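Accompanying notes for the structure given below.
The values are calculated or read from the model by the stated rules, or taken from the named source; none is laboratory data. Keep in mind that this is a model prediction, so the values were computed, not measured. Neighbour counts run over all protein chains shown; Cβ positions are idealised from the backbone, glycine included.
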Amino acid sequence: MTQPAHDEARQLMALGKDLSDAQQMWLRGHLAECAACRDYAEAAGGVVRALRSVPLAADSRLVRATQMRVRFHAERLRETRERMWLVGAACLGVGLSGALSAPLLWRLFGWMGEQAGVSSTVWQAGFAFFYIAPALMVSLLLLARGTHWSSNNERSHWR
């Protein structure tokens, strides 16, 4: 047998059970003919069986630390779910109140524009600013606060 055939047989043995039918047939044929590779396969199988028979136990500190981390992350997921439910409910409330109050505010701004004697473009721009500005300010504040929180959480998480 040539050296490349022995190398190929050892590579196939390393793959274990992930061989195609053709590879398995070739390997069986090679092992039937080559005593050196057959001995190698038996020795490798013995090592694998020996390694599988050795019990593996994790240190109790590692187990406790892993349990603490799992509990910590589970608690964070639960808190996030609760927060998202509250955010959804708040968005629904804001949307409904905005939809219900928009016609009333439109009439109020129209009336104030008439009383002040300003053009309709001016009072309509005032309405748009009054109606949109609070939402933009809250969005910017939440975005800045969320960015600040996530950067602090990442820093503290990796310490």
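Consider L31 carefully, then state whether it is more than 26 Å from P134 (Cα to Cα), in contact with a helix residue (DSSP H, G or I) (Cβ under 7 Å, 6 or more places away or on another chain) and in a helix (DSSP H, G or I). Yes; evaluated as a whole, the condition is true for this residue. Residue count for region 48-74 under the criterion of being part of a helix (DSSP H, G or I) and closer than 27 Å to L31 by Cβ: the result is 6. The single condition among (1) modelled with pLDDT under 90; (2) in a helix (DSSP H, G or I); (3) farther than 30 Å from A9 by Cα that G45 does not meet is (3). Among all residues of region 95-114, there is at least one that is under 26 Å from G146 (Cβ atoms) and at pLDDT 90 or above. Going through region 1-51 one residue at a time, which ones are under 43 Å from the mean Cα position of the chain (by Cα) and of a type in the set (V, I, T)? Passing the criteria: V47, V48. Of the numbered conditions (1) out of contact with any helix residue (DSSP H, G or I) (no Cβ under 8 Å at 6 or more places or on another chain); (2) surrounded by 11 or more Cβ atoms within 10 Å (Cβ to Cβ); (3) of a type in the set (K, R), R61 fails exactly one; give the number of that condition. If we test R61 against (1) out of contact with any helix residue (DSSP H, G or I) (no Cβ under 8 Å at 6 or more places or on another chain); (2) surrounded by 11 or more Cβ atoms within 10 Å (Cβ to Cβ); (3) of a type in the set (K, R), just (2) comes out false.
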